[in-house]
Amino acid sequence: MSEITSQSLFELTSNIKEKKLSSEEITKAFINRAEKSKKLNVYVTDNFEKAIDQSKKFDSNPNLDFKLPGIPIAVKDLFCTNGVRTTAGSKILNNFVPTYESTVTQNLWSQGAILLGKLNCDEFAMGSSNETSFFGNVQNPVGENLVPGGSSGGSSAAVAANLTPVTIGTDTGGSIRQPASFTGTVGLKPTYGSCSRYGIVAFASSLDQAGPMTKNVRDCSMLLEVISSFDQKDSTSIDYKRNYYSKELSKDIKGKKIGIPKEYRVDNMPDEIEQLWKNGIAYAKDCGAEIIDISLPHTNYALPTYYIVAPAEASSNLARYDGVKYGFRSPGQNLIEMYEKTRSEGFGDEVKRRIMIGTYVLSSGYYDAYYLKAQKVRQLIKKDFDDAFSKVDAILTPSTPSSAFKIGEKTNDPVSMYLNDIFTVPINLAGLPGISIPAGKDKNNYPLGLQVIGKPFDEQNILNISYALEDKINFKNDISDWWLSEYK
Ligand code: GLN
């Protein structure tokens, strides 16, 4: 049997079901490794002691019908966890302990999983490099001084470094798929409305979705099956029949029509990305898929549209952090001064930048020129996809325009940071499902991802296409343990 922490979710659950491993052994193995991995800075809050207690409890009376029987899982620190601190990577929520549980994490525990701890992320999920967290940046295990992507950077690093078998992240403009691409892992953003947003710290409510981040496509299908559910507590949750994703997983994609959008061939795209994409197309053909050139004419407008809609919603969502209802408070002479001090000391620079953009585009006189216009363009972007999907079953693109970059490289240039999401943002604007799978490496041996985009609620199809491609690509992450240290 391979080392516990390097096993997939599928292997771990099989080993538990066959009584070859106990939940306690598995939980302790991940905790031991986490204690030697402080350099990566993936944990904001750990739940190790309670996790061991829970694993013992599971072992004393194991329910093997569960889908995640006694499996320890760490989650992004954007999911509210009852009784366990939830910070969203922000000073303003530094001391916030929720009294309720998010629906998607509840779905994990209801299937037997055990909370290992809360993983670092960009502050309020705003970022592409996990450098905006109040708790410091996360290191990408793939190479020294590299960003793990963002905002779910603690999550992607934790999966890549074998610190959790799988995890869940959130994706507003790419925060699951971009970090997956930077760490050689798999990340899926489901259709808007598939996974409940209840109990997830809100960033941009019309774009936010939770989704699985895993080592491979099969694990991804297993986790999606658990977290995707209709929820009356979320008014945007959609009641439809979800697939039995892991059971229906199939590599047979013969005859599938896969679209290649010409607008995703952006200026200055490195040759390596172009090559990666070509290889992906060749593999898809090998699997019997039919490749069709398509056009998504409004692609160029996606980033500017996103950077109006997302900050607008964020500025409204973040109004609730006023020093009264949640977390951090800085006292003042009067109420207004208390608000001002709390918010100026509690929020970091990127969050303040978004609040300022957001309040500006929503202000009277500018609303029509910016916000309303952006909403109209958003419809055109959605329509591009509708038109494309009348001809194809799925769309294949690169996940990101580059591999992981160095820590600090883009922190003073927000626009170049924003450009990293050029291939992921349109999918959130259109509410579609998208998955990133590791597909190759660049000249530095850093991973690169390919993205498969699907029709609404067609997660099964993009999982199947990815499953087939994964088999052909045969990606090996072979990450060295440079960050492991014996000292706590
Ligand atoms: N990087 C994008 C942003 O900063 C997307 C973040 C996300 O998906 N949460 O807004």
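Listed by chain and number, the lysines placed with their C-alpha closer than 16 angstrom to that of K19 are K56, K57, K67; residues fewer than eight positions away on the same chain are left out. Proximity of backbone amide H atoms, modeled 1.01 Å from N, is registered between E290 and G255, K256, K257, I258 at under 5 Å, excluding neighbours fewer than 5 places apart on the same chain.
Count Lys and Arg as plus one, Asp and Glu as minus one, and take only other residues whose Cβ is under 13 Å from that of A319; the net charge is then +2. The mean sequence separation of alpha-carbon pairs under 8 Å and at least six residues apart, normalised by the residue count of the range 255-345, gives a relative contact order of 25 percent. Multiplying the residue separation of W109 and I291 by 0.36 nm and removing their Cα-Cα distance gives an extension gain of 61.4 nm. Using the Cβ-Cβ distance between S316 and I336 with R0 set to 25 Å, the FRET efficiency from 1/(1 + (r/R0)^6) comes to roughly 0.80. Stretched out straight at 0.36 nm per residue, the stretch from K325 to S60 would grow longer than its current Cα-Cα span by 91.3 nm. Report the Cα centroid-to-centroid distance between the range 144-162 and the range 1-64 in angstrom, as an integer. Going from one Cα centre to the other spans 20 Å. In a DSSP loop and with at most 16 other Cβ atoms within 10 Å, the chymotrypsin sites (Phe, Trp or Tyr not before Pro) in the range 392-488 are W482, Y487. Each peptide in 168-177, 254-263 gets a packing score, the mean of other Cβ atoms within 10 Å over its residues, and the list from highest to lowest is 168-177, 254-263.
If you take the square roots of the eigenvalues of the alpha-carbon gyration tensor of the range 66-174 and sort them as a ≥ b ≥ c, do you get rounded (a/c under 1.5), prolate (a/b over b/c) or oblate?
Judged from the Cα gyration tensor, the range 66-174 comes out oblate (a/c at least 1.5, b/c at or above a/b).
With each label modelled as a point 7 angstrom along the Cα→C-beta vector, the D252-K352 pair spans 5.9 nm.
At a 10 angstrom cut-off on C-beta neighbours, averaged per residue, how do the peptides 298-309, 71-82 rank from highest to lowest?
The peptides rank, most packed first, as 71-82, 298-309.
With θ taken as phi - 60° and the Karplus curve 6.51 cos²θ - 1.76 cosθ + 1.60 applied, the whole-hertz 3J(HN,Hα) list for the range 127-141 is x, 10, 8, 6, 9, 9, 5, 4, 9, x, 7, 9, 8, 7, x Hz, x standing for glycine and proline.
FYI, it's all coordinate maths here, none of it is from the lab. Note that the structure is a prediction, hence the values are computed from the model and not measured. Please note: Cβ atoms are built from the backbone with ideal geometry, for glycine as well, and neighbour counts cover all protein chains shown.
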